[in-house]
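Taking it in order: structure first as structure tokens, then the write-up.
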Amino acid sequence: MEQNNLGLENSPYLRQHSSNPVWWQPYGHEAIQQAEKSNRLLVVSIGYSACHWCHVMEHESFSDQEVAAVMNSRYVSIKLDREERPDLDHVYMQAAMLSSRQGGWPLNALCLPDGRPFFAGTYFPKERWLLILNHFYGLWITEPQSLLEAASQIQQGISRLLAAPTIDYDATPDISGQLQDWKQRVYAHLDPDFGGPDREPRFPMPAIALPFLSDNQPMAERIKTWLLRMAAGGIYDQVGGGFARYSTDGHWFVPHFEKMLYDNAQLLEVYALAFQREKHPIFLRTLHGILDWVSSDLELSDGRIQSAMDADSEGEEGLFYCWKPEELPAFKPKEWNDLRLDFEWIPEGNWEGKTIFWRPKRWAQPLLPNTESALQKLKRTRDLRTAPSIDTKVLLGWNALYLKGLVAAALCDVCFEEKILKKAGILGEVLWKYRHEQGQWTRCMEARPYLPAFLEDLAPLGLALTGLHQLYGKGPWLDRALQLAEDMVAQFGQADSPLLSFSAEPDPITGKAHFEIQDNVIPSGNSMAARFFLELGRLSGRMELIERAKKMLFQAYGALNESPMWHSGWLLLAETIVDPPDELRYHEDAISARRVWRQRHRAPLLIFDESLAPGHWQVCRGTQCILPAASEAELLNCWPNYVE
């Protein structure tokens with residue numbers, strides 16, 4: 001092990017570190033056994049390929065001979081890609097929160113030889129990192145008991161934080177009575193001027209927007225402001241489409257420039273549903289921009305989608321996206337005039353002597369007539385630059401989120417319906433191949449050996465499959481969704497809780513199953529799974545799935561009631577249970593069903609029903625159904641609360 005062994009790893013992030021003088025090892029039994037055999041402490045360093053500060057720490061510390069000498073002589077060092085192993089990242093992140101009360105990446109944990117952490121933090125400058133390494137090495141030699149005790153305390157804390165919540169009430173929770181209070185509490189923490197959670201840095205957090213998209217004023221207006229402000233901001237790539245991971249300020253102006261598939265997948269769905277509610281041209285332009293960016297930069301020939309685009313190019317963050325006056329292409333006078341007015345161009349730049357394109361004043365208005373052609377010229381010029389690198393991993397869960405976004409886009413966008421439909425169908429078929437014998441699923445096909453799927457992979461896939469079933473009306477999607485639900489319960493189900501565990505195996509730090517409840521940038525696997533079970537139950541008539549979804553919500557009730565902002569997936573589930581969408585049953589072609597879907601203020605469930613006479617439609621609300629309608633026009637005339 002006296003060498004760096006990352007060169008043959010599949011992960012681009014691990015391979016980025018293969019030339020470091022640090023003797024990095026991939027996570028596994030061999031590295032743990034080597035540490036235990038030599039009685040050396042472990043460094044477990046976790047990051048991802050698009051992470052700017054991961055690159056900084058690599059350059060400052062992990063490429064440095066002095067640091068490498070200390071790590072190689074006194075520690076066994078493990079490099080881990082958080083996107084390949086979210087289960088381990090989740091556990092070590094809890095250790096960081098317990099140890100230093102901060103989280104983020106790079107995440108650097110110091111551990112006992114058996115892998116149990118006693119200290120964890122994020123980015124450290126070189127001199128600080130050396131002090132930490134030498135300090136804890138000294139303690140291991142002189143006072144090992146202190147580290148054993150610290151590791152034991154953190155282990156107990158992790159077990160407590162990641163256990164399934166206990167139910168501390170006797171009666172069924174009053175979800176209906178609490179729903180509006182929860183939504184008001186979330187609403188109060190959304191910035192009224194720029195949207196999003198009122199804090200810096202500001203993340204898109206699309207899951208927080210979803211429960212409000214069907215609301216009336218003023219909640220819906222605040223969500224509209226949020227989406228328009230983001231689409232006008234520097235966080236959105238005005239030239240090439242797609243959103244960066246977050247904004248460093250509260251105005252969506254200066255992005256942290258990496259672009260992640262999971263953000264853009266969820267934002268595709270949000271902007272599609274927002275456009276379905278209100279046909280604002282900015283919403284449509286933005287969802288097309290996401291589709292264009294993913295298709296051009298991340299999509300593979302078989303339809304699968306790669307993970308991310310880096311923040312850095314040529315060693316500089318944001319270089320690819322920013323402009324100086326001398327770098328602009330030649331514009332026609334009308335193009336330059338409209339571009340300058342739309343984006344308020346000033347020669348001296350608006351950020352560090354360069355320009356990030358954003359629209360702080362015209363944020364709610366469509367682009368001027370000649371701006372789009374000017375942006376196309378900018379893109380052709382930018383395409384000649386050295387582009388940021390692509391993380392080539394293909395992750396099942398992130399692709400499932402994107403497939404879910406494609407379904408929403410196909411339903412709402414009549415102009416590109418067939419093109420998006422084709423993409424969705426192809427991606428759905430290829431993702432089903434991630435299922436192997438006996439219901440085992442793979443998170444990442446390219447990894448060696450195959451990485452097993454986690455709950456956060458299968459839950460969004462379930463929602464995508466129920467979406468495909470509604471999109472097409474016929475085909476294998478409903479049967480596949482039912483099979484997937486069985487697989488999920490078999491692999492992640494627990495005898496003493498309706499909730500599902502994060503992974504099929506106990507986590508190696510506590511030796512127990514751990515559970516994720518809180519919704520973050522990606523909603524928790526459990527909230528997505530509960531929504532999947534609820535929707536699948538309604539589409540299939542399987543009442544036991546609906547009951548399981550309700551039991552999962554009751555189990556998470558305490559966490560939702562304490563912090564609805566950070567349990568937005570559960571909030572959406574609660575709303576769907578309390579006020580379920582209408583069911584649109586039809587014995588007609590799916591094109592007609594999608595046409596009707598687009599005309600509704602709130603999206604109904606689409607159910608192909610052969611028990612109806614051919615050409616007939618029926619709407620059901622709860623347990624009540626209107627009489628079947630013999631035509632689309634008759635249906636729309638008798639459907640309550642029809643919105644043109």
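Tabulated results
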{"read-out": "DSSP-loop GluC sites (Glu not before Pro) across region 286-365, with at most 15 other Cβ within 10 angstrom", "value": "GLU314, GLU344, GLU348, GLU352"}
{"read-out": "Net length gained if the chain between SER38 and SER152 were fully extended (0.36 nm per residue, minus Cα distance)", "value": "38.9 nm"}
{"read-out": "FRET E, pair ILE132, SER631, Förster distance 60 Å, beta-carbon r, rounded to 0.05", "value": "0.25"}
{"read-out": "For region 142-234: rounded, prolate or oblate by the Cα gyration tensor [a/c cutoff 1.5]", "value": "oblate"}
{"read-out": "Chymotrypsin sites (Phe, Trp or Tyr not before Pro) restricted to region 135-231 and DSSP loop, no more than 16 other C-beta within 10 Å", "value": "TYR169"}
{"read-out": "Mean Cβ neighbour count within 10 Å, used as a protection proxy, ranking 81-87, 281-287 highest first", "value": "81-87, 281-287"}
{"read-out": "Gyration tensor (alpha-carbon) shape descriptor, the chain, a/c threshold 1.5", "value": "oblate"}
{"read-out": "Residues with amide H under 5 Å from that of ASP582, placed H, sequence gap 5 or more", "value": "LEU605"}
{"read-out": "Spin-label pair GLU505/GLU418, simplified geometry with 7 Å Cα→Cβ offset, distance in nm", "value": "4.8"}
{"read-out": "Under-5 Å amide H pairs with TYR246, H placed in peptide plane, nonlocal only", "value": "HIS256"}
{"read-out": "Nitroxide proxy distance, nm - points 7 Å out along Cα→Cβ at CYS638 and THR623", "value": "2.2"}
{"read-out": "Backbone N within region 407-433 under 12 Å of label point (7 Å from ASP589 Cα along the Cβ vector)", "value": "none"}
{"read-out": "Region 193-249-region 448-488 distance, computed between alpha-carbon centres (Å)", "value": "28"}
{"read-out": "FRET efficiency, 1/(1 + (r/R0)^6) with R0 45 Å, evaluated for SER18 and ALA490 via beta carbons", "value": "0.75"}
{"read-out": "Nearest-0.05 FRET efficiency for ARG199 and VAL56, computed from C-beta distance (R0 25 Å)", "value": "0.60"}
{"read-out": "Accessible area in square angstrom per residue, region 129-202, 1.4 angstrom probe", "value": "56"}
{"read-out": "DSSP bridge pairs, the chain: antiparallel proportion in percent, nearest 5", "value": "70"}
{"read-out": "Contour minus Cα-Cα distance for TRP345 and MET445 (0.36 nm per residue)", "value": "31.5 nm"}
{"read-out": "Sequence ranges 561-574, 300-313, 620-633, ranked by mean other-Cβ count within 10 angstrom, highest first", "value": "561-574, 300-313, 620-633"}
{"read-out": "Sulfur and carbon atoms: percent of accessible area, the chain [1.4 Å]", "value": "51"}
{"read-out": "Solvent-accessible area per residue for region 221-354 (1.4 angstrom probe, square angstrom)", "value": "33"}
{"read-out": "Contour minus Cα-Cα distance for MET543 and ILE426 (0.36 nm per residue)", "value": "39.1 nm"}
{"read-out": "Helical mean residue ellipticity (222 nm; -39500 (n - 2.57) per DSSP H run of 4+; nearest 500) of the chain", "value": "-14000 deg cm²/dmol"}
{"read-out": "Nearest-20 debye value, region 108-224 charge dipole, Cβ charges on Lys, Arg, Asp, Glu", "value": "380"}
{"read-out": "Per residue accessible area of region 494-644, 1.4 Å probe, in Å²", "value": "41"}
{"read-out": "Loop-located trypsin sites (Lys or Arg not before Pro) in region 191-254, at most 11 other Cβ atoms within 10 Å (DSSP)", "value": "ARG199"}
{"read-out": "Amide H contacts of SER313 (H built 1.01 Å from N, under 5 Å, at least 5 apart or other chain)", "value": "GLY318, LEU319, PHE320"}
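The values are calculated or read from the model by the stated rules, or taken from the named source; none is laboratory data. These numbers were taken from a predicted model, which means no experiment stands behind them. Every residue, glycine among them, receives a Cβ derived from its backbone with ideal geometry; neighbour counts consider all protein chains shown. For the accessible areas, the whole protein counts, side chains as well, though only heavy atoms, and no ligand, DNA or RNA atoms are used. Shrake-Rupley method; radii C 1.70, N 1.55, O 1.52, S 1.80 Å.
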